[in-house]
1. With respect to PHE148, determine if the residue is at pLDDT below 95 and surrounded by fewer than 16 Cβ atoms within 10 Å (Cβ to Cβ).
2. If we scan the stretch 46-56, do we find a residue that is charged (D, E, K, R) and assigned to a helix (DSSP H, G or I)?
3. Looking at LEU172, LEU194 in this structure, which one is under 17 Å from the mean Cα position of the chain (by Cα) and farther than 30 Å from ILE91 by Cα?
4. Go through the stretch 165-200 and give me each residue that's basic (Lys, Arg), without any contact (Cβ under 8 Å) to a residue 60 or more places away in the chain and either in contact with a Phe, Trp or Tyr (Cβ under 7 Å, 6 or more places away or on another chain) or assigned to a loop (DSSP other than H, G, I, E, B) (or both).
5. Hey, among the residues in the stretch 37-91 that are at pLDDT below 85 and among the polar types (S, T, N, Q), which one's farthest from LYS184 (Cα to Cα)?
6. I'm checking my understanding of the structure. Among residues of the stretch 77-104 that are within 20 Å of VAL165 (Cα to Cα) and β-branched (Val, Ile, Thr), which one is farthest from the chain's Cα centre (by Cα)?
7. Please work out if SER109 is assigned to a helix (DSSP H, G or I), under 29 Å from PRO70 (Cα atoms), among the polar types (S, T, N, Q) and within 11 Å of the chain's Cα centre (by Cα).
8. Of everything in the stretch 113-145, what is surrounded by 17 or more Cβ atoms within 10 Å (Cβ to Cβ) and either farther than 22 Å from GLN49 by Cβ or hydrophobic (A, V, I, L, M, F, W, C) (or both)? Give them in sequence order.
Amino acid sequence: MEHSYVKFLKPNCLKYNVHAHLVIFMSILKSGMAGGLETLCGQAFGAGQYEKFGQYTYTAVISLSLICFPITILWTFMDKILTLLGQDPTISLEARKYAIWLIPALFGSAILKPLTRFFQTQSLISPMILTSAIALCFHGATCWTLVFKLELGHVGAAISFSLCVWFNVMLLLSFVRYSSACEKTRIPFSKNALVGVGDFFRFAVPAAVMVW
């Protein structure tokens, strides 16, 4: 079985290298920009300004969602871009397929990254560990089913990753909605969250550059 797996990977190593870089790029960009939220949320939560703390989280979600749109356009034309850069056309086409199915995960991460900062600032670590463990099990099951049972290959892996991200988002949002631990910081959305987009980017862009 191991020998067959190696034989499968060898002719596809360049293709999966492109796939890996897409995931790494998405993770670094979103994690880096969400790092700007640590400063804003830390100050607000430490000062007991819970409403502002919640608004900053909404602001981060909006800001990161805006970043998703140009990346989506970039990934939509991934095959043409990679071909222009000298990549093999077949690999470029497969990379585009993977990127297209990874777009839902891109938007899911725009919610997930601020949510994790929301929990970390309040020292709510146990819920994140629990939801991550559940999401990991979910990911393992769906990935195995889609990749091997349904034989979707790398497309199945992208679908599985996207489902896992949104599943984790749903778990964390459910905790925020129903747990008494978030009673003070659980606030409704308001237009004030839109006002702080500029301030968020002033912190987020340098944070993303440092992570990169």
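1. So PHE148 passes the test.
2. Kept after step one, since they are charged (D, E, K, R), are these residues of the stretch 46-56: 51-52.
Now drop any that are not assigned to a helix (DSSP H, G or I), which leaves 51-52.
Taking every residue of the stretch 46-56 in turn, at least one turns out to be charged (D, E, K, R) and assigned to a helix (DSSP H, G or I).
3. LEU172
4. Looking only at the stretch 165-200, we keep the residues that are basic (Lys, Arg), and these are 177, 184, 186, 191.
Filter again for without any contact (Cβ under 8 Å) to a residue 60 or more places away in the chain, leaving 177, 191.
Matches in the stretch 165-200: LYS191 only.
5. GLN87
6. Checking each candidate, the answer is ILE100.
7. When the stated conditions are applied, SER109 passes them.
8. LEU115, PHE118, PHE119, LEU124, PRO127, MET128, THR131, ALA135, HIS139, THR142, CYS143, listed by residue number.
The values are calculated or read from the model by the stated rules, or taken from the named source; none is laboratory data. Everything quoted here is computed from the prediction, not taken from an experiment. Here the Cβ is made from the backbone with ideal geometry for all residues, glycine too, and neighbour counts use every protein chain on show.
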